[in-house]
């Protein structure tokens, strides 16, 4: 599959105000988007974010908001899969963490991290471990502004759809979230076409390993969030193994967008 990336400043620009949000427009979705992580419906319209190694596309119709992300940067891929990734939504177009969708979830940190330069990184073993971690995670975390957390399957009756795929060294992320304005539906953005929504892309800064313990770090889930529904413990298949590069030296990802929903 060939994905076309655009860097036109007419499509995306940095806001030079204190909020430092990236402004971009969503496009009206005329067809059917299958949430499978293949990005087959996104062959055009993905835009490289300024000062990042991520490409993003956003679409909407009257019922749903769709988002696609892709990167081939191996350090960023490892960071997303090993430390966890949360996409935050603010229906008023700001940077408030109103609705969070956490996937992949943080892996349990290892008891002894490989020191960069001292252990050779095996690319094949690294890719296989990351694919295994993705396949092992069948649930997404839904986080709310009151601190509560719930778990859903990646495809569920509530309308949220999410798929993450790692193939040929490229990570694809695809998401669908309802736009419902029904206040009783907490798993929706509560917005309408023509309005701005805030979208946050965050990872977690890994903490030091806990020697002699269970390997759980108590790190916040997906970008420094603590909810009453959980202790912030990561889910995964264990810590990094020999041949894996360390994630401790990475700065956490923190990008906020202001997305204008299309009115058709």
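Could you work out how much longer the chain between residue 131 and residue 72 gets when fully extended? Use 0.36 nm per residue separation minus the Cα distance between them, nm to one decimal.
Computed gain between residue 131 and residue 72 is 19.8 nm.
Taking a spot 7 Å from the Cα of residue 38 along the direction of its beta carbon, which residues of segment 164-203 have an amide N less than 16 Å from it?
164-168, 172-175
Residues in segment 29-50, backbone N under 11 Å from the label point at residue 138 (7 Å along the Cα-to-beta-carbon vector): list them, ranges by number please.
Output list for this probe position: empty.
I need the calculated FRET efficiency for the pair residue 184 and residue 124, taking r as the beta carbon distance and R₀ as 35 Å, to the nearest 0.05.
The value I calculate is 0.10.
Taking the highest mean first, how do the peptides 30-40, 158-168 order by number of other beta carbon atoms within 10 angstrom per residue?
Highest to lowest by the protection proxy: 158-168, 30-40.
Does segment 16-74 classify as rounded, prolate or oblate by the C-alpha gyration tensor (a ≥ b ≥ c root eigenvalues; a/c under 1.5 gives rounded; else a/b over b/c gives prolate, otherwise oblate)?
Oblate, because a/c is 1.5 or more while a/b does not exceed b/c.
Quick check for you: which residues of segment 72-100 have the amide N under 16 Å from the point 7 Å beyond the Cα of residue 167 toward its beta carbon?
72
Here, each number is a calculation from the coordinates, and none is a lab measurement. Only a predicted model underlies this, so the values are computations on that prediction, with no experimental measurement involved. Quick reminder, even Gly has a Cβ in these numbers, built from the backbone with ideal geometry, and neighbours come from all protein chains shown.
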